[in-house]
Amino acid sequence: MPLPLSNILRALYDRNGMVSQDKSQLPQPSIKEVRKFDNFFPPEVYKKISDMVNHTYQGSPNAEHLPDRWIPGHRSRGEQGESWFWQMIIRDNDFIHKECLQIINKKTRRKHKAERIYFNGMTVGQNASFHYDDEEADAWTFLLYVLPCYDFEWGGHTLFLDKDRKDLALAPLPNRGVYFPGRLLHKALCFNTNQAPMRVSLAYKLLEDK
């Protein structure tokens with residue numbers, strides 16, 4: 001018989017020593033709290049985000065015109081096994097930190113402050129394992145899939161699993177936004193072919209700004 005989700009979360013918490021027993025008893029979120037937004041950003045905003053990723057594929061790795069770098073080895077909280085993926089941290093960028101966040105706040109109808117913002121990149125073989133993003137009850141994650149195109153044959157879905165063992169799979173369509181509680185278990189699947197581009201998402205780790 002599969003373990004209850006509360007046991008899985010508690011095992012993750014205990015192993016990492018990150019939360020108290022009181023926090024592990026907080027009500028666990030449901031997949032019903034996952035919100036999907038197709039064509040999330042206006043085309044001109046999404047293009048600007050896409051261009052931030054596209055320019056990292058061009059030129060010499062040491063070129064001065066490439067201020068952002070893909071860094072290997074990123075893991076999420078609660079991540080198990082040997083999985084790792086690429087990360088590009090976004091710092092001191094008013095477009096990402098202010099303009100885009102304002103749109104996120106407006107569409108989700110909730111005011112947030114951003115704790116972390118970065119691009120995630122996954123190539124073939126870099127499947128994640130189930131994990132949570134934050135143990136706080138007022139923590140939320142927003143993901144934006146940033147791809148030039150998508151073919152459903154590629155797979156690459158994001159999987160969600162809740163306390164009732166109910167699951168949800170969402171395909172990484174370009175400019176699709178996904179908003180969910182940070183305590184909800186989830187995992188990303190890589191694309192299943194080298195013919196696909198790197199699977200890229202822009203991740204906002206958020207706290208409610210009350």
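The values are calculated or read from the model by the stated rules, or taken from the named source; none is laboratory data. On a predicted model such as this, the values are computed, not experimentally measured, just so you know. Cβ atoms come from the backbone with ideal geometry, glycine included; neighbour counts cover every protein chain shown. Areas reflect the complete protein model, heavy atoms only, side chains present, ligands, DNA and RNA absent. Shrake-Rupley method; radii C 1.70, N 1.55, O 1.52, S 1.80 Å.
Values computed for the structure shown
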| read-out | value |
| --- | --- |
| Whole-Hz ³J(HN,Hα) from phi, Karplus 6.51 cos²θ - 1.76 cosθ + 1.60, for the range 203-210, glycine and proline x | 10, 10, 9, 10, 10, 4, 9, 8 |
| Amide H within-cut-off set for residue 191, under 5 Å, with H built and near neighbours excluded | 199 |
| Dipole of the range 96-210 [Lys/Arg +1, Asp/Glu -1 at C-beta], most positive-end residue of 185, 147, 204 | 204 |
| Å² per residue, accessible surface of the range 82-210 at 1.4 Å | 44 |
| Among the listed pairs 111/163; 98/205; 187/210; 36/107, those beyond 18 Å (Cα-Cα) | 111/163; 187/210 |
| Protein accessible area in the range 115-181, 1.4 Å probe - carbon and sulfur % | 52 |
| Extension gain from residue 36 to residue 152, taking 0.36 nm per residue of separation minus the Cα-Cα distance | 40.0 nm |
| Gyration tensor (alpha-carbon) shape descriptor, the range 68-188, a/c threshold 1.5 | rounded |
| Percent breakdown of C-alpha pair distances by 10 Å bin, ordered from the shortest bin, for the range 90-151 | 15, 44, 34, 7 |
| In sequence order, calculated HN-Hα J values of the range 150-160 (Karplus, 6.51, -1.76, 1.60; Hz; x Gly/Pro) | 8, 10, 4, 5, 6, x, x, 5, 9, 9, 10 |
| Using a Förster distance of 35 Å, the FRET efficiency for residue 51-residue 171 (Cβ separation, nearest 0.05) | 0.95 |
| In sequence order, calculated HN-Hα J values of the range 29-38 (Karplus, 6.51, -1.76, 1.60; Hz; x Gly/Pro) | x, 10, 5, 5, 8, 7, 10, 10, 10, 7 |
| Placed amide H near residue 111: partners under 5 Å, 5+ positions off or other chain | 209 |
| Amide H within-cut-off set for residue 184, under 5 Å, with H built and near neighbours excluded | 133 |
